[in-house]
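S.K.: First the structure, then my questions, so here it is.
What follows draws every value from the coordinates through simple rules; no lab data is involved. Note that the structure is predicted; figures quoted are calculated from it, not measured. Please note: Cβ atoms are built from the backbone with ideal geometry, for glycine as well, and neighbour counts cover all protein chains shown.
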Amino acid sequence: MPIVPDTKNWTWVLDERCPECGYDSAAVGLGDVPGLVRANAAAWPAELRRADVRERPDDATWSPLEYAAHVRDVFRVFDGRLVLMLEQDAPAFANWDQDATAVADDYAGQDPAAVSDDLLAAAEVVARRFEEVPADQVHRTGLRSDGAAFTVETLARYFVHDPVHHLHDVRR
Ligand SMILES: [Zn+2]
């Protein structure tokens, strides 16, 4: 079976504990997110040095390299979304097709060492961006193309699940 595009709406993670990775957004505040991002990023270089870094566990599951390239891009995409929310009133986010991006950018063919460096750098940028949001800006809003509405705070708590969940994916 080929990679099946992930079309699920993951916004439920704001209401429920994730049964797979254990992430519990109810226990996470905006102020926790930069530390969670940095801790998550720090774990990826070891995964990217694995001998099986390019191997898919099965045909329908990304390799550790592909997951890491995705997480690097998640850090970048959500940094962009946060910037938009801070600069514009209730901006609409451009749709990001993560599965099309994985193919178009050849995640499977990327250099694990470069992905490792870029993931760490992207994590630090987005961690700092969330860290530096002024207290009076945390309720600014943004809209995803499917209509899901976020505040800076819910975006942070939603976003950080993705790298946490994918680290769990590559370790199981
Ligand atoms: Zn999860």
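S.K.: If ASN40 satisfies every condition in (1) more than 16 Å from the ligand (Cβ to nearest atom); (2) of a type outside the set (Asp, Glu); (3) assigned to a helix (DSSP H, G or I) but one, which is the exception?
M.R.: It fails just one condition, (1).
S.K.: Related question: State yes or no: is ARG54 among the basic types (Lys, Arg) and more than 16 Å from the ligand (Cβ to nearest atom)? Working first, answer last.
M.R.: Working: among the basic types (Lys, Arg): yes; more than 16 Å from the ligand (Cβ to nearest atom): yes.
The answer is yes for ARG54.
S.K.: Same structure, new question: Where in the stretch 48-158 are there helices (runs of 4 or more DSSP H), lying fully within it, with 3 or more residues that are touching a Phe, Trp or Tyr at 6+ places or on another chain (Cβ under 7 Å) and surrounded by 20 or more Cβ atoms within 10 Å (Cβ to Cβ)?
M.R.: On the way: elements: 64-87, 98-104, 112-131.
Ranges flagged: 64-87, 112-131.
S.K.: Moving on to the next point. Which residues, counting only those in the stretch 83-122, are charged (D, E, K, R) and over 15 Å from the mean Cα position of the chain (by Cα)? Even if it seems obvious, please write down each step before you answer.
M.R.: Filtering the stretch 83-122 down to residues charged (D, E, K, R) leaves 87, 89, 97, 99, 105-106, 111, 117-118.
Answer for the stretch 83-122, where residues must be charged (D, E, K, R) and over 15 Å from the mean Cα position of the chain (by Cα): GLU87, ASP89, ASP105, ASP106, ASP111, ASP117.
S.K.: Tally up the residues in the stretch 10-19 that are in contact with an Asp or Glu (Cβ under 8 Å, 6 or more places away or on another chain) and either touching a residue at least 60 places away in the same chain (Cβ under 8 Å) or among the aromatic types (Phe, Trp, Tyr) (or both), please.
M.R.: 2
S.K.: Does the stretch 154-172 contain any residue that is more than 16 Å from the ligand (Cβ to nearest atom) and either among the acidic types (Asp, Glu) or more than 25 Å from ASN95 (Cβ to Cβ) (or both)?
M.R.: Among the residues of the stretch 154-172, not one is more than 16 Å from the ligand (Cβ to nearest atom) and either among the acidic types (Asp, Glu) or more than 25 Å from ASN95 (Cβ to Cβ) (or both), which makes the answer no.
S.K.: If I go through the stretch 1-31 residue by residue, how many of them are part of a helix (DSSP H, G or I), of a type outside the set (S, T, N, Q) and either under 12 Å from TYR158 (Cβ atoms) or away from the ligand (no atom under 16 Å from the Cβ) (or both)? It would help to see each step written out before you state the result.
M.R.: Residues of the stretch 1-31 part of a helix (DSSP H, G or I): 10-14, 25-27, 30-31.
Those left that are additionally of a type outside the set (S, T, N, Q): 10, 12-14, 26-27, 30-31.
From the residues that got through so far, the ones that are either under 12 Å from TYR158 (Cβ atoms) or away from the ligand (no atom under 16 Å from the Cβ) (or both) too are 10, 12-14, 30-31.
So the count comes out to 6.
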